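The values are calculated or read from the model by the stated rules, or taken from the named source; none is laboratory data. Small disclaimer: the values here were computed from a predicted structure and weren't measured. Here Cβ is always computed from backbone atoms with ideal geometry, including for glycine, and neighbour counts include all displayed protein chains.
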Amino acid sequence: MSQLFGPIRQLGIMVASLDRALDYYTKTLRIGPFFRMDHVETDYFRYRGQPCDADVSLALAYSGDMQIELVEQHNDAPSLYFDFLERNGPGLQHYAVWAEDYDDKMSRLSENGVTLLAEAKLQNGGRFAYFDCGDAAEPVIEIVELTPLAAGLFQMIREAADTWDGSDPVR
């Protein structure tokens, strides 16, 4: 566990095709079920201080206590996702921590020398931000605001994974 921001709760993996990745994770690795969200809507999304028009879909599942997030960007808008894929290809792009005290964690990271890379607010009100710690710390750190809505969603996905029998792998 990080003394700076708490335990890592999620591994964020960039994929070239969400459909192919879901097939692999559910059939080969037998992780699931995944809950898919296509073309995620935000109130705002900024990357390196500029508005970001990335068209992103994602899917969430659990493997034990670890949340797995698969992310596909559909367009070539500049973003941390697009830049990662261009530089590295598919793979582990970020790890995330949950924050009930989002503003405090944001301040603590800034005070400890990490650079804000991107930030967004979902239409449901939840916020998230990515911090770039330099070349030595790739993948980047994501802070996810743990609102009651997010906590309930994550709990529902976790419970679905605990009893998953392989049927209905993508929901």
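Could you tell me how many of the residues in the range 20-60 are of a type outside the set (Lys, Arg), in contact with a Pro (Cβ under 9 Å, 6 or more places away or on another chain), under 18 Å from LEU80 (Cα atoms) and in contact (Cβ under 8 Å) with a residue 60 or more places away in the chain?
Qualifying residue count for the region: 4.
Any chance you could count how many residues in the range 119-169 are under 26 Å from ASP53 (Cα atoms), touching a residue at least 40 places away in the same chain (Cβ under 8 Å) and among the β-branched types (Val, Ile, Thr)?
Residues flagged as under 26 Å from ASP53 (Cα atoms), touching a residue at least 40 places away in the same chain (Cβ under 8 Å) and among the β-branched types (Val, Ile, Thr) within the range 119-169 amount to 4.
Test each condition in (1) of a type in the set (A, V, I, L, M, F, W, C); (2) over 27 Å from GLY32 (Cα atoms); (3) in a strand (DSSP E or B); (4) at pLDDT 95 or above for ALA77 and report the one that comes out false.
Just one mismatch for ALA77, condition (3).
Report, by residue number, each residue of the range 136-151 that is under 16 Å from GLN10 (Cβ atoms) and either in a helix (DSSP H, G or I) or hydrophobic (A, V, I, L, M, F, W, C) (or both).
VAL140, ILE141, ILE143, VAL144, LEU146, ALA150, ALA151
Can you name every residue in the range 110-135 that is touching a Leu at 6+ places or on another chain (Cβ under 7 Å) and crowded, with 16+ Cβ neighbours inside 10 Å?
LEU117, ALA118, GLY126, ALA129, TYR130, PHE131, ASP132
Looking at (1) more than 14 Å from the chain's Cα centre (by Cα); (2) closer than 18 Å to HIS94 by Cβ; (3) buried (at least 18 other Cβ atoms within 10 Å of the Cβ), can you tell me which one ALA161 breaks?
If we test ALA161 against (1) more than 14 Å from the chain's Cα centre (by Cα); (2) closer than 18 Å to HIS94 by Cβ; (3) buried (at least 18 other Cβ atoms within 10 Å of the Cβ), just (2) comes out false.
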